[in-house]
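Shown next, in structure tokens, is the structure this report addresses.
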Ligand code: NCD
């Protein structure tokens, strides 16, 4: 693997291989032990859109493997603001680093930067389109729970239009047999047809309680405020589908509740006590997956 630009670049064997490697790194990701595997290597983290987890998780993965990190945050502080192209940015940053991680508001931006880059590149979110490392950590989380990625029922609830994490995970799931993807969203935020890829069965449901019935995974998604032109529309839709402890215990007591975070209105704090809530565990899973990915890109 040379780059990770799109969830579409990942086949079944790649996904399972990264999961197996992530399992190996899990203790290290959780802060137990140390490694020099990537000693002497530099990661450039270019985060031109807001991020807490993805940037710190990718940087932590690099540092825990003995590598080092250089960071550029915020488009307004970069030469993109002066009009430099993504292509030139890729060329220039390759002179500093051995691997690049990038997040940018534009769909296709990672691929554009990769055209200029001379080192491996990781897409950490290109606008509303895709977020392949999150999709991998989501797949790892599901695998850890169920020991498989096939014959599952997964309900995606919330902003399916703009959620790059839902787009990426739905793509990954399509590599496996027998997955039912339930979709529940306000009508104006429904999943675009380009993301209903072959390989999964799709079931659209209006009612939240109905949608989560007997599913293995509930995947809750924040309404993506930053993608709305009309903020009053955001206000209207931001809390249409909300999970609290009582709802979860009544309607999907055996499911796990996932969320890429940050949660805003869609998961209440008392849902943290629900036994299936795994969203904070997903943070460590993300470090392990990014360790697996960095070693795959830099050592093979
Ligand atoms: C997600 C993102 O940036 O797409 N966050 C993340 O990377 N963990 C989800 C979100 O912001 O809603």
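Structure summary
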item: Mean separation of Cα contacts under 8 Å, 6 or more apart, over the residue count of segment 40-147: relative contact order %; result: 26
item: Extension reserve of the residue 193-residue 20 stretch, reckoned as 0.36 nm per residue once the Cα distance is removed; result: 59.1 nm
item: Order of 219, 195 - criterion: other Cβ atoms within 10 Å of each residue's Cβ, fewest first; result: 195, 219
item: Acute angle (nearest 10 degrees) that the helix 53-64 long axis makes with the longest principal axis of the chain, alpha-carbon atoms; result: 50
item: Relative contact order (percent, whole number), the chain, Cα cutoff 8 Å, 6+ residue spacing; result: 20
item: Ordering of 130-142, 48-60 by packing [mean C-beta count within 10 Å, highest first]; result: 130-142, 48-60
item: Descending semi-axes in whole angstrom, ellipsoid equivalent of segment 133-188, from the Cα gyration tensor; result: 20, 13, 9
item: Spacing of the two label points (7 Å from each Cα toward its C-beta) at residue 209 and residue 91, in nm; result: 6.1
item: Equivalent-ellipsoid semi-axes of segment 108-214, from the Cα gyration tensor, Å, largest first; result: 26, 17, 11
item: Cα→Cβ-extended label distance, 7 Å offset, between residue 30 and residue 281, nm; result: 1.0
item: Between helix 132-146 and the chain: long-axis angle, C-alpha atoms, 0 to 90°, nearest 10; result: 50
item: Normalised alpha carbon radius of gyration of segment 154-228 [divisor 2.2 N^0.38 Å]; result: 1.01
item: Estimated inter-spin distance, residue 105 and residue 68, nm [label 7 Å along Cα→Cβ]; result: 3.3
item: Extension gain from residue 2 to residue 75, taking 0.36 nm per residue of separation minus the Cα-Cα distance; result: 23.7 nm
item: Of all DSSP beta bridges in the chain, antiparallel share, percent nearest 5; result: 5
item: Taking all pairs of distinct alpha-carbon atoms in segment 177-300, Kirkwood radius in angstrom; result: 16.3
item: Descending semi-axes in whole angstrom, ellipsoid equivalent of the chain, from the Cα gyration tensor; result: 31, 22, 17
item: Part-to-part distance (alpha-carbon centres) for segment 241-300 and segment 156-218, which is given in Å; result: 16
item: Rounded to 10°, Cα long-axis angle of helix 164-173 versus longest principal axis of the chain; result: 80
item: Of every Cα-Cα pair in segment 51-147, the percent that sits beyond 15 Å; result: 65
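Just so you know, all these numbers are worked out from the coordinates, no wet-lab data involved. Note that the coordinates shown come from a computational prediction; the quantities given were computed from them, not determined experimentally. Virtual Cβ from ideal backbone geometry, glycine too; neighbours counted across all protein chains shown.
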